Amino acid sequence: MIYAVADLHHMRLARQAAIEKRPELMAKARQVRDAEYAAARQADVVLTHSTVEAAILRRDVPGVEVHVVPWAVSVRKRTPAFDTRHEVLFLGNFSHAPNIDAAFWLAEEIMPVVWRQRPDIQCVIAGADMPEQIRQLAAPSIEVIGHVPDCCALFDKVRLSIAPLRFGAGVKGKILDSMAAGIPCVMTPIAAEGMELPRDFTDATGETAEALAALIVNLHDDSTTHARMVQAGRRFIRERHDHARIIDALGRIAGDTRVKRQAG
């Protein structure tokens, strides 16, 4: 029996409860934690994408067999030139509470700091299941476009992406997709968590609106740093998230598990 953990829901809920100061949500997080840990105890193998969550499971559920398996992401062959791209992209599914919170923080606190230095930098907010409250963030310097069937067209026109998540859990697919498309990403530590990103990307993290705004301005204007991060991101995706490598990893896990069961 395999328990595949997309992310530890209780971590996301607990972080949301802390940000929003909601004790009832913290109580719910504890209930979900107990259910997740009970499922892990019943499984032969637990798979997770996040190195951080793997460590938490090994600590909190002694004896559980946990393996980290990155998900497969393909590097795009074509990357538009730096000078042909502009704008900052936030991409997310808005049925997910962390993305709603992040969009408001981006539009109301982060981008105003950016505009004080560079009023010409435009922002794009896109994603499925967008509620009206997010659509109302549209402004002369903020384009809100909702669901996009093919994200390639978005990636082709923006110079960088941003993942300003204040709470959440698991590995963030929006960051991996951005890197694979040759788009550097500015992010919070929560967004970067569990992926063991290369140094160039850990240097692109910030916890405050001011820090993230400074990173946006620098990366939007510095073609040398931008090019270095594009190369680092695409190399990271090839080395860690190539489909063949993940198939090999799953095969080794399955083989090791069979050997242990036979030995037992």
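The values are calculated or read from the model by the stated rules, or taken from the named source; none is laboratory data. Remember, predicted model here, so these are calculated numbers, not experimental data. Neighbour counts run over all protein chains shown; Cβ positions are idealised from the backbone, glycine included. Surface accessibility is based on the protein's heavy atoms, side chains included, excluding ligands, DNA and RNA. Shrake-Rupley method; radii C 1.70, N 1.55, O 1.52, S 1.80 Å.
Restricting the stretch 210-245 to residues that are more than 15 Å from M195 (Cβ to Cβ), acidic (D, E) and part of a helix (DSSP H, G or I), the residue that is least open to solvent (accessible area, probe 1.4 Å) is D221.
One line per residue, one yes/no per condition, for (1) more than 18 Å from the chain's Cα centre (by Cα); (2) under 29 Å from H10 (Cα atoms); (3) of a type in the set (D, E); (4) modelled with pLDDT under 95:
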residue: P131; (1), (2), (3), (4): yes, yes, no, no
residue: E143; (1), (2), (3), (4): yes, no, yes, no
residue: C152; (1), (2), (3), (4): no, no, no, yes
residue: D156; (1), (2), (3), (4): yes, no, yes, yes
residue: G173; (1), (2), (3), (4): no, yes, no, yes
residue: A181; (1), (2), (3), (4): no, no, no, yes
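A search for C-beta distances below 9 Å between a residue of the stretch 116-130 that is acidic (D, E) and any residue that is in a strand (DSSP E or B) and open to solvent by less than 10 Å² (accessible area, probe 1.4 Å), counting only pairs 6+ apart in sequence or on different chains, returns D129/G146. Here's a check for you: in the stretch 1-26, which residue that is in a strand (DSSP E or B) and open to solvent by less than 70 Å² (accessible area, probe 1.4 Å) is farthest from D101 (Cα to Cα)? Filtering the stretch 1-26 for residues that are in a strand (DSSP E or B) and open to solvent by less than 70 Å² (accessible area, probe 1.4 Å), the one farthest from D101 (Cα to Cα) comes out as Y3.
Scanning the stretch 186-218 for residues that are in contact with a Leu (Cβ under 8 Å, 6 or more places away or on another chain), hydrophobic (A, V, I, L, M, F, W, C) and modelled with pLDDT of 95 or more yields V186, M187, I190, A191, I216. Residues that are closer than 15 Å to A227 by Cα and open to solvent by 30 Å² or more (accessible area, probe 1.4 Å) within the stretch 200-209 comprise D200, D203, listed in sequence order.
When the stretch 153-199 is filtered for residues that are open to solvent by 30 Å² or more (accessible area, probe 1.4 Å), touching a Lys or Arg at 6+ places or on another chain (Cβ under 7 Å) and among the hydrophobic types (A, V, I, L, M, F, W, C), only I190 remains. In the set (1) touching a residue at least 24 places away in the same chain (Cβ under 8 Å); (2) of a type in the set (A, V, I, L, M, F, W, C); (3) closer than 24 Å to E210 by Cα; (4) open to solvent by 10 Å² or more (accessible area, probe 1.4 Å), the condition left unmet by M111 is number (4). When G63 is tested against (1) open to solvent by less than 50 Å² (accessible area, probe 1.4 Å); (2) farther than 30 Å from D221 by Cα; (3) of a type outside the set (D, E); (4) part of a loop (DSSP other than H, G, I, E, B), exactly one condition is not met: (1).
Criterion first (of a type in the set (S, T, N, Q) and without any contact (Cβ under 8 Å) to a residue 24 or more places away in the chain) does T79 satisfy it?
Judged against the criteria, T79 is not a match.
What tally of residues in the stretch 66-79 results from selecting those that are over 30 Å from S223 (Cα atoms) and either outside any loop (DSSP other than H, G, I, E, B) or open to solvent by 40 Å² or more (accessible area, probe 1.4 Å) (or both)? So the count comes out to 3. For F82, the stated conditions hold: it is of a type in the set (F, W, Y), under 30 Å from I145 (Cβ atoms) and surrounded by fewer than 20 Cβ atoms within 10 Å (Cβ to Cβ). Restricting attention to the stretch 147-178, the residues that are farther than 22 Å from M111 by Cβ and touching a residue at least 24 places away in the same chain (Cβ under 8 Å) total 6. With respect to the conditions (1) farther than 30 Å from H9 by Cβ; (2) assigned to a helix (DSSP H, G or I); (3) open to solvent by less than 30 Å² (accessible area, probe 1.4 Å); (4) not aromatic (F, W, Y), A102 lacks only one, and its number is (1).
Only one entry in R41, R58 is without any contact (Cβ under 8 Å) to a residue 12 or more places away in the chain, open to solvent by 50 Å² or more (accessible area, probe 1.4 Å) and not β-branched (V, I, T), namely R58.
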